[in-house]
Amino acid sequence: MILIQSKPTNDEHGFTLVEVAVVLVVVALLLGGFLKGQELIHSSRVRTLAETSAAVRTAYLGFIDRYNTIPGDWNAAAATLGLGVTVDNPSASITTSDNGRLDNPAGANVYAEPNAMWEQIAKANFIEANYPGTNAVPTQNNGLTPLNVFSAPINVGSTNEYLDVASPAPVRLHVYVGRFVPVSSIRELDVKIDDGLPQSGGVRATIPTATIFTGGPSGWGGMDANCVDSASPPNWNVTADSQDCNAVLIF
């Protein structure tokens, strides 16, 4: 009896080295494209933070140059006459109005002049927007202030609630970049337009316990305590990778 062995077929076989190599190349290209896209998004957001903050300062100073008065400090009645449109804030009850600076009065009126500033520079056409200027805490939804690219309110105020070698820091006017900014982005912003250090130069870290603009997790003047390390001088703590950092750009 003769046994006939059947030849193995080629219907089932593994990937060849060439096929595996092609798959690896495709995966590498897709991953590289994804990472490049993430990098471009990151850079775009940092650029927008810088441009927005610079635009706010330009509008503020341009208003002063044109009207010879401080936006937000100008009482509503006089601002209505000066701008030629109805201005609703700040009301006459805000005792710090018309004192020649943008104040943050303690208590219930802390947002009165900062919010009025947005109304006045918008109605003077220094920015393309419409803000009611109402004296209330800004939120992500009530339209009292512009939002940064991470959907946190941008405020302008005069405080000493930022890092400084002096203790306490001097009270100075500044723009808050806004909360919810990743520490990597806030550090890149500082490197691009200043010295890269949170305690010196024109870009400073806010303090986690800020109270003037309602500090803490629900407030707009503070940030996560892990955004800055404990070195001397301190650094932006990229190792901690906080996603809730904030900074001020001093005027």
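Stretching the chain fully between T16 and N68 yields a gain of 11.0 nm (0.36 nm per residue, less the alpha carbon separation). Counting only alpha carbon atoms, the long axis of helix 112-123 and the longest principal axis of the chain meet at about 80°. Take each peptide in 48-57, 79-88, count the other Cβ atoms within 10 Å of every residue, and average; sorted highest first, the result is 48-57, 79-88. At full extension, N142 and T95 could sit 14.4 nm farther apart than now, given 0.36 nm per residue minus the alpha carbon distance. Between S184 and T80, the modelled label-to-label distance comes to 5.2 nm, taking each label 7 Å out from Cα in the direction of the beta carbon. Placing R0 at 25 angstrom, the Cβ-Cβ distance between A240 and N160 gives a FRET efficiency of 0.50 after rounding to 0.05. Our helix-only sum for the chain, with -39,500 (n - 2.57) per DSSP H run of n ≥ 4 divided by its residues, gives a mean residue ellipticity at 222 nm of -11500 deg cm²/dmol. For the chain, the longest principal axis of the alpha carbon atoms and the long axis of helix 17-67 meet at an angle near 10°. Please give me the summed charge of the neighbours of C227: other residues whose Cβ is under 15 Å from its Cβ, Lys and Arg +1, Asp and Glu -1. With Lys, Arg at +1 and Asp, Glu at -1, the neighbours total -4. Give me the tail of P(r) for region 147-251 as a percent: Cα-Cα pairs with distance above 19 Å. Tail of P(r) above 19 Å: 32 percent of Cα pairs. A crude spin-label estimate for the pair L173 and S44, with each label 7 Å from Cα along the Cβ direction, gives 3.3 nm.
Throughout, read-outs are computed from the coordinates displayed, never taken from laboratory work. Keep in mind that this is a model prediction, so the values were computed, not measured. All Cβ positions, even for glycine, are placed from backbone atoms using ideal geometry, and neighbour counts span all protein chains on display.
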